[in-house]
Amino acid sequence: MFKKNQICFGPGLVIPLLLLCLHWNQGAAQQLGPGIRKLRDVVIYKDARFFSSFPSVVRKPDGELLLAFRRAPDRRIFGEKRNLHVDPNSYLVTVRSRDGEDWSAEPELLYAHPFGGSQDPCLLVLRSGTLLCTSYGWAFVRPDGLAHLKEPYLQAGPAIFLGGYLLRSETGGASWELPVYPPAIPPEIHYNAYGERVPAYNRGALCEGRNGRIYWAVAASDTTGRTSVHLLTSDDEGRSWQYSAPVASDDTIGFNETSIYETPKGDLVAFLRTAGFDDQACIARSTDGGKTFGPWQSMGFRGHPLNALRLPDKRVLLTYGYRHQPFGIRARILNAECTDFDTAPEFILRQDGGNGDIGYTWPVLLDEKRVLVVYYFNEEDGTRYIAGTILEITGRP
């Protein structure tokens, strides 16, 4: 038997688990461009027993940073050849920090779905202090049960898609209410493992509008086999959801993991991940509060998924994973209304990733000048872990 806080990596090699969970700093400060400097990379959570991925992070009203991510066993410790992005033991967990560098070593359980593994926790802190966390799940159905499922259904290996759900906390994340299940949206054709139409789902940042309305860009699979993106809204802090409008669809291109952002003028901007479009990042805009969206546009660069953070001077830091060689994390700084996406210079935060299984960035302000960008990462196809890059943004060039 291993002693507490130890893990064995092979005969005669035992390493204290605590060493795997401490943050580390990498490299000296680096000027990325006029007005933006990379201060350091940090490891937020790393444990060779676990496949840790898909983080999101918020700063609560009391100043504490809360970071949620998906943690599942690294199946290679059982002798399996590889990991999948679905797992029956995939749980939502959190770690906490006061400064963005030193994080709690042992994650707290946020939610374990009773019928399957959960994915991609996406946090939002409301002006009231209430926390929201969206996710979605997969049920692992045995072969003799598949014949009884209502068709069509989405399957990934042995897993059947359950659809989305949302959790609420009014205690700063110390406890969470029972899940809220959003409605299935009109284009969705699939049924989940319970025989119900798949509840709306997506990976991406929600936003709270200046009117208090919450906006959530969700995905749907239609009869073409492609996904499209649509807008849901809530006027009661996420307790119920209503369908608003299509955001982006196409006859040949799929749209999925999307973050929604409200500009100072009040436009809603959707930053869209694509499928079948050479990983091009795309954008769609609503000028009427989400009632309609204009035609989607390519942003002219590769990257996915995307996430947007308003800086103190109202410019927008747009971050994304880069899943092509050299694998890494990249960013751009857009103007306040996000209209210069095709000319804003690109900054390389990291280019030392082991392969394309990285990214899913989420930025948060540490103070008036510093930003933490979190993501998951690996080197040389090793342990998937939660990392971050701290940037200093000093002003306009």
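The values are calculated or read from the model by the stated rules, or taken from the named source; none is laboratory data. For clarity, every value in this text was computed on a predicted model and none was experimentally measured. As a convention, Cβ positions derive from the backbone with ideal geometry for all residues, glycine included, and neighbour counts pool all protein chains shown.
Tabulated values for the structure
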item	result
Selection count, the stretch 80-90, where residues are touching a strand residue (DSSP E or B) at 6+ places or on another chain (Cβ under 6 Å) and either under 11 Å from residue 53 (Cβ atoms) or outside any loop (DSSP other than H, G, I, E, B) (or both)	3
Residue in the stretch 158-203 that is farthest from the chain's Cα centre (by Cα), counting only those that are among the hydroxyl-bearing types (Ser, Thr, Tyr) and more than 17 Å from residue 131 (Cα to Cα)	194
The stretch 33-67 - residue that is acidic (Asp, Glu) and not in a strand (DSSP E or B) and, of those, surrounded by the fewest Cβ atoms within 10 Å (Cβ to Cβ)	62
Residue in the stretch 80-92 that is touching a Leu at 6+ places or on another chain (Cβ under 6 Å), polar (S, T, N, Q) and at negative phi present	no
Answer residue from the stretch 231-274, given it is assigned to a strand (DSSP E or B) and either modelled with pLDDT under 95 or of a type in the set (S, T, N, Q) (or both) and is nearest to residue 318 (Cα to Cα) among those	259
Selection status of residue 120, modelled with pLDDT of 95 or more, closer than 26 Å to residue 47 by Cβ, among the acidic types (Asp, Glu) and buried (at least 18 other Cβ atoms within 10 Å of the Cβ)	yes
Selection count where residues are assigned to a loop (DSSP other than H, G, I, E, B) and either surrounded by 24 or more Cβ atoms within 10 Å (Cβ to Cβ) or touching a residue at least 40 places away in the same chain (Cβ under 8 Å) (or both), scope the stretch 159-193	12
Residue selected from the stretch 231-288 under the condition small (Gly, Ala, Ser), crowded, with 18+ Cβ neighbours inside 10 Å and touching a Leu at 6+ places or on another chain (Cβ under 7 Å), by the criterion farthest from residue 302 (Cα to Cα)	238
Meets criteria (within 18 Å of the chain's Cα centre (by Cα), of a type outside the set (Gly, Ala, Ser) and either outside any loop (DSSP other than H, G, I, E, B) or over 30 Å from residue 151 (Cα atoms) (or both)) for residue 292	no
Checklist (1) among the small types (Gly, Ala, Ser); (2) assigned to a strand (DSSP E or B); (3) within 27 Å of residue 61 (Cβ to Cβ) applied to residue 228, failing item	(3)
Scope the stretch 204-225; condition outside any strand (DSSP E or B) and of a type in the set (Asp, Glu); matching residues	222
Residue in the stretch 4-32 that is modelled with the lowest pLDDT, counting only those that are within 18 Å of residue 104 (Cβ to Cβ) and assigned to a loop (DSSP other than H, G, I, E, B)	4
Which numbered condition residue 306 fails, given (1) in contact with a Lys or Arg (Cβ under 8 Å, 6 or more places away or on another chain); (2) without any contact (Cβ under 8 Å) to a residue 24 or more places away in the chain	(2)
The stretch 208-229: number of residues that are touching a residue at least 40 places away in the same chain (Cβ under 8 Å) and under 17 Å from residue 252 (Cβ atoms)	5
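For (1) buried (at least 17 other Cβ atoms within 10 Å of the Cβ); (2) in contact with a His (Cβ under 6 Å, 6 or more places away or on another chain); (3) aliphatic (A, V, I, L, M); (4) farther than 26 Å from residue 49 by Cα, each residue gets a yes or a no:
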position	(1), (2), (3), (4)
332	yes, no, no, yes
339	no, no, no, yes
353	yes, no, no, no
357	yes, no, no, no
367	no, no, no, yes
372	yes, no, yes, no
376	yes, no, no, no
382	no, no, no, no
